[in-house]
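Undergrad: One structure, as structure tokens, below. Some questions next.
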Amino acid sequence: MIDGVAPLQTAGPNEVSFLDNSRYVDLLGRSSAGAIIVHPDYASLVPATSQAIITTDPYASWARVCALFHPSAHVEAGIHPSAVIDPTAHIDPSCQIGPNAVVDKNAVIGRRCVLEAGCVIGPSVTLGDDCHIGANGVVSHAILGARVRLFPGAKVGQDGFGFAPAKGAYLSVPQLGKVIIGDDVHVGANTTIDRGSARDTVIGSGTRIDNLVQIGHNVVLGQQCVVVAQVGIAGSTTVGDFTQIGGQAALAGHLDIGDKVQIGAQSGVISNVDSGAVLLGSPAQPRREFFRQIALLKRMIQRH
Amino acid sequence: MIDGVAPLQTAGPNEVSFLDNSRYVDLLGRSSAGAIIVHPDYASLVPATSQAIITTDPYASWARVCALFHPSAHVEAGIHPSAVIDPTAHIDPSCQIGPNAVVDKNAVIGRRCVLEAGCVIGPSVTLGDDCHIGANGVVSHAILGARVRLFPGAKVGQDGFGFAPAKGAYLSVPQLGKVIIGDDVHVGANTTIDRGSARDTVIGSGTRIDNLVQIGHNVVLGQQCVVVAQVGIAGSTTVGDFTQIGGQAALAGHLDIGDKVQIGAQSGVISNVDSGAVLLGSPAQPRREFFRQIALLKRMIQRH
Amino acid sequence: MIDGVAPLQTAGPNEVSFLDNSRYVDLLGRSSAGAIIVHPDYASLVPATSQAIITTDPYASWARVCALFHPSAHVEAGIHPSAVIDPTAHIDPSCQIGPNAVVDKNAVIGRRCVLEAGCVIGPSVTLGDDCHIGANGVVSHAILGARVRLFPGAKVGQDGFGFAPAKGAYLSVPQLGKVIIGDDVHVGANTTIDRGSARDTVIGSGTRIDNLVQIGHNVVLGQQCVVVAQVGIAGSTTVGDFTQIGGQAALAGHLDIGDKVQIGAQSGVISNVDSGAVLLGSPAQPRREFFRQIALLKRMIQRH
């Protein structure tokens, strides 16, 4: 009888666990878990006291099993009396609107959306069904698809960084575009996504963006991209589908980045990138070349 | 008859567009815009169906034309009933104070300021005329000039990172200074500017700071600097006027950086910098030297 | 008679100042301070008009003297009428709860805590005594020790970045852990700390975290670590005690970092690190080796 989930180190006989990362294979033999989800390669290492659940994709299976034991919180329809809702806003009655949330003029909030405490939805913003806006998040000048999730403090739709030098001062360029976010996009805590200047900033469906990421005006991110924490993408750069960008990497502005590109952590991309490229370093170069340079420098130091 | 603005790709016969970046010159000939603002060098490429508006500074002209069609939102004087205003605060009656905004004791808010929803103005903070504080921004221990704009979630005036090791623990050093911000400064979304420790943190007039920037205690930034997203400036560093700092660059503490310095993206500055220098790399060095090193490493790899 | 504190440049005869950083030794002889806290090495440079206060640890002494003149603000017990407190939350009557603060179900707030304006404390969160949560901060799924301080906009306890590719989409892995924070921890403005996935994210007592830092799910940070602004620590990495991480450094996921490690600014750590190591560069390497490589490259450029 399994009644919960836990990591290998702490799982007991009534809990299910998993092994996904070969770094932790040592923990497998010592685990007291009642059942362990593993890849066929490691099935023989599961202790006799555990039931092995064998699958070629243990992490996805773990996700599904966890969701069985810990289903998403139920949406509790209702508007907290402290929320400030403009009378022209349209909020589906199935939504859950938290304390001190603010919804401005003509905003449209789809079915079963959750607005957590203190979040601010600007005028004419549209949210699709089942969106979830974290506490103290701010959304303006934006159209969100279905099932979009903003984590606490994310800021979407503010003016981008646009100005022209003119007579010894900077003249702001009016920012007129929107942020268009597809379905099933996640935006991390305290991440910032600027509205477009003349065209729109676009985030493709299924893309996952981590915390403290900066996305400049007019950026177009493809579908199912993965953008790890603290990445910066400068204005007007276009990124294809399924591209993955490691933590703290930076992409210069006005670039074209292809599909299925892999950009390593802390890389600095300063020119266009073909689909499928695997890059690392600042300035970014093919990952193999980067590591060859590192190795060469080490050898040279030893010689000197 | 022109009735709007749009980028080259989408502008129609009733819209004005512009070309500022030579990367997009291919779009010029194919544009259906009714009028196009261009540099004299590209005037001959404007299609016959468009009226060329020729200027040596197309981006500034574009800014002005956009502002004609899209003037800044009118300030709607009034305090939202949900705002919490301390009775000792002084708010000019021309201000627009949004839902759930908080203004603490003895704060002084100048004429025509806008405080968006959920922002928090601490005790004794002073805002000049025409300031705009974005949603959920926080300002304490600060004096702001006129026309200062904080984008949503910016945090100005919190304690800096100051402590001394003492008997196996860290002892906080009381942070006693303010943040002094000149006129016409912009501070990006979720950017953080710490108050000074014993002296003040100072941001010079006209300086533009992008999103997710960190400015440590006692930093002095000159006038009309440009600080791109995710830059970090460590405590007590002084930066001159008109200096530009690229995205994700870091400046160590206690440095003197001159005027009109250009620091490239992701650079790491660890020593003082003379005015006019152009730097790149981590540690930062003259940009030319940086690129020569990169080229040399590439050649060496090819030989090995 | 001393009645205040000030830096060397501005201190007058009635003020005490200090010298801690040898960069500022030039200011010592010119200071008008009535008293100056200095290391014995510099005592002879204190001007005749100043009283030298000699100590081997001037910065800690300065911290103590500042605290005498500027004691922490008194906690003013009371709950602002605009705060939204769930009836099942337990808040000690000695607490100060600011305007528009939100405290959710079953949260427990210890004695003399301060919740600043607009902060949001999620269901079942526990705060020890004397905690201070800055304006617009958000805490969920967390247990905080005593004297924990979150600066404005810090986000603690949101879901981490966990998902598995499955049938052409990303499947979110339920995040089930908490954030456990020890005593005397400081968390900087707009910093983000994700809750654990299956185990907990842990921050050891006495650790100081600066602004805009990202700490991924399951990270374990030891005691009295120092984490400078804009650092990123990826998921499941463990860091020992007294380790110091410079600004903008990145630590990859699933690493073991020892005690008393020093990681330089902008470093990229991609493998395990022994206690006591001193690292710099991306990828990180022993600091000495890093500077030898830099020097070698410079010499080679001069030759070519």
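The values are calculated or read from the model by the stated rules, or taken from the named source; none is laboratory data. On a predicted model such as this, the values are computed, not experimentally measured, just so you know. Virtual Cβ from ideal backbone geometry, glycine too; neighbours counted across all protein chains shown. For accessibility, only protein heavy atoms count, side chains too; no ligands or nucleic acids. Shrake-Rupley method; radii C 1.70, N 1.55, O 1.52, S 1.80 Å.
Undergrad: Ignore the peptide's own chain and count Cβ atoms of other chains within 10 Å of each Cβ in C:184-196; give me the average, rounded.
TA: For peptide C:184-196, the averaged partner shielding equals 6.
Undergrad: Under 19 Å Cα-Cα from C:Lys298, which aspartates and glutamates qualify once same-chain neighbours fewer than 8 residues away are excluded?
TA: B:Glu289, C:Glu289
Undergrad: Here is a further query. Would you list, by chain and number, the lysines whose Cα falls below 29 Å from the Cα of B:Lys155, excluding same-chain residues fewer than 8 positions away?
TA: A:Lys105, A:Lys155, A:Lys178, B:Lys105, B:Lys178, B:Lys260, C:Lys105, C:Lys155, C:Lys178
Undergrad: Report the accessible surface area buried between chains B and A, summing both sides, using a 1.4 Å probe on protein heavy atoms only, in Å² rounded to the nearest 100.
TA: Working: alone 16170 and 16130 Å², together 28040 Å².
So the total buried area for this chain pair works out to about 4300 Å².
Undergrad: Would you mind checking which residues have amide H under 5 Å from C:Leu255's amide H? H placed 1.01 Å from N; only 5 or more apart, or other chain.
TA: Under 5 Å from the amide H of C:Leu255 lie the amide H atoms of C:Thr237, C:Thr238, each far enough along the sequence or on another chain.
Undergrad: How much accessible surface does A:Cys225 have with a 1.4 Å probe, in Å² rounded to 10?
TA: 0 Å²
Undergrad: Let me ask something else about it. What is the magnitude of the charge dipole of chain A about its Cα centre, with +1 placed on the Cβ of each Lys and Arg, -1 on the Cβ of each Asp and Glu, and no other charges, expressed in debye to the nearest 20? Provide the component values of the computation, followed by the final result.
TA: Working: 21 positive and 24 negative charges, 216 e Å.
With only Lys, Arg, Asp and Glu charged at Cβ, the dipole is about 1040 debye.
Undergrad: Now for a different question. List the distances, in nm and shortest first, from the label point of A:Ala295 to the matching label points in every other copy, placing each point 7 Å from Cα along the Cα-to-Cβ direction.
TA: 2.7, 2.7
Undergrad: Using mean Cβ contacts within 10 Å as the protection proxy, how do A:79-92, A:151-164, A:200-213 order, highest first? It would help to have the intermediate numbers written out before the result.
TA: Values: A:79-92: 15.7, A:151-164: 26.9, A:200-213: 25.2.
Averaged packing, sorted descending, gives the order A:151-164, A:200-213, A:79-92.
Undergrad: Next up: Once amide H atoms are placed 1.01 Å from N in the peptide plane, what residues at a sequence separation of 5 or more from A:Ile203, or on another chain, have their amide H within under 5 Å of its amide H?
TA: A:Ile180, A:Ile181, A:Gly182, A:Leu221
Undergrad: Per residue, how much accessible surface does the protein assembly as shown expose to a 1.4 Å probe? Answer in Å², no decimals.
TA: 39 Å²
Undergrad: Sort A:171-177, C:99-105, C:45-51 by the packing proxy (mean of other Cβ within 10 Å over each peptide's residues), most packed first.
TA: Going from most to least packed, we get C:99-105, A:171-177, C:45-51.
Undergrad: Hey, got the average number of other protein chain Cβ atoms within 10 angstrom for residues in C:223-230?
TA: Rounded to a whole number, the mean comes out at 5.
Undergrad: Compute the distance from the alpha-carbon center of the stretch B:140-201 to that of the stretch A:50-76, in whole Å.
TA: 44 Å
Undergrad: Moving on. Using 0.36 nm per residue of separation minus the Cα-Cα distance, give me the extension gain between C:Ser44 and C:Ile2 in nm, one decimal. Don't jump to the answer; show the numbers that get you there.
TA: On the way: separation 42, 0.36 × 42 = 15.12 nm, distance 2.13 nm.
Stretched out fully, the C:Ser44 to C:Ile2 stretch lengthens by 13.0 nm.
Undergrad: Please report, to two decimal places, log10 I(q)/I(0) for the stretch C:180-304 at q = 0.14 Å⁻¹ as given by the Debye formula with identical point scatterers on the Cα atoms and no solvent.
TA: Debye output, listed in q order: -0.55.
Undergrad: OK, next. At a 1.4 Å probe, what is the % contribution of carbon and sulfur to the accessible area of chain C?
TA: 53 percent
Undergrad: Another question, if that's okay. Say a label goes 7 Å from Cα toward Cβ at A:Pro71 in every copy; what distances in nm does this one have to the rest, shortest first?
TA: Result, one decimal in nm: 5.5, 5.5.
Undergrad: Specify the inter-centroid distance of the stretch C:243-284 and the stretch B:216-256, based on alpha-carbon positions, in whole Å.
TA: 24 Å
Undergrad: Name the residue farthest towards the positive end of the dipole of the stretch A:240-304 from the options A:Ile301, A:His254, A:Phe291, assuming +1 on Cβ of Lys and Arg, -1 on Cβ of Asp and Glu, about the Cα centre.
TA: A:Ile301
Undergrad: What aspartates and glutamates does A:Lys167 reach when the alpha-carbon gap must be under 20 Å and sequence neighbours fewer than 8 apart in one chain are set aside?
TA: Leaving aside aspartates and glutamates fewer than 8 places away in the same chain, those within reach of A:Lys167 are B:Asp20, B:Asp57, B:Asp183, B:Asp184, B:Asp241, B:Asp259.
Undergrad: Here's another thing I want to ask about it. Can you compute 3J(HN,Hα) from phi for each residue in the stretch C:92-104, using the Karplus curve 6.51 cos²θ - 1.76 cosθ + 1.60 with θ = phi - 60°, rounded to whole Hz and x for Gly and Pro?
TA: Ordered by residue, 3J(HN,Hα) equals 4, x, 7, 7, 10, 10, x, x, 6, 5, 10, 10, 8 Hz.
Undergrad: Sticking with this one: May I ask you to evaluate 6.51 cos²θ - 1.76 cosθ + 1.60, the Karplus curve with θ = phi - 60°, for each residue of the stretch B:156-166 and list the ³J(HN,Hα) values in order in whole Hz, giving x for glycine and proline?
TA: Values per residue, Gly and Pro as x: 10, x, 6, 4, x, 8, x, 7, 10, x, 7 Hz.
Undergrad: Using a 10 Å cut-off on Cβ to Cβ distances, tally the other chain neighbours for every residue of A:160-169 and report the average as a whole number. Show your work: numbers first, answer last.
TA: Values: counts 5, 13, 5, 7, 9, 6, 6, 2, 4, 5.
Mean shielding count: 6.
Undergrad: Assigning unit charges at the beta carbon (Lys, Arg +1; Asp, Glu -1) and nothing else, what dipole magnitude in debye, to the nearest 20, does the stretch A:60-210 show about its Cα centre?
TA: It works out to roughly 280 debye.
Undergrad: Name the residues whose placed amide hydrogens come within less than 5 Å of the amide hydrogen of C:Val278, ignoring near sequence neighbours (fewer than 5 apart) on the same chain.
TA: Residues meeting the amide H criterion: C:Gln262, C:Arg287.
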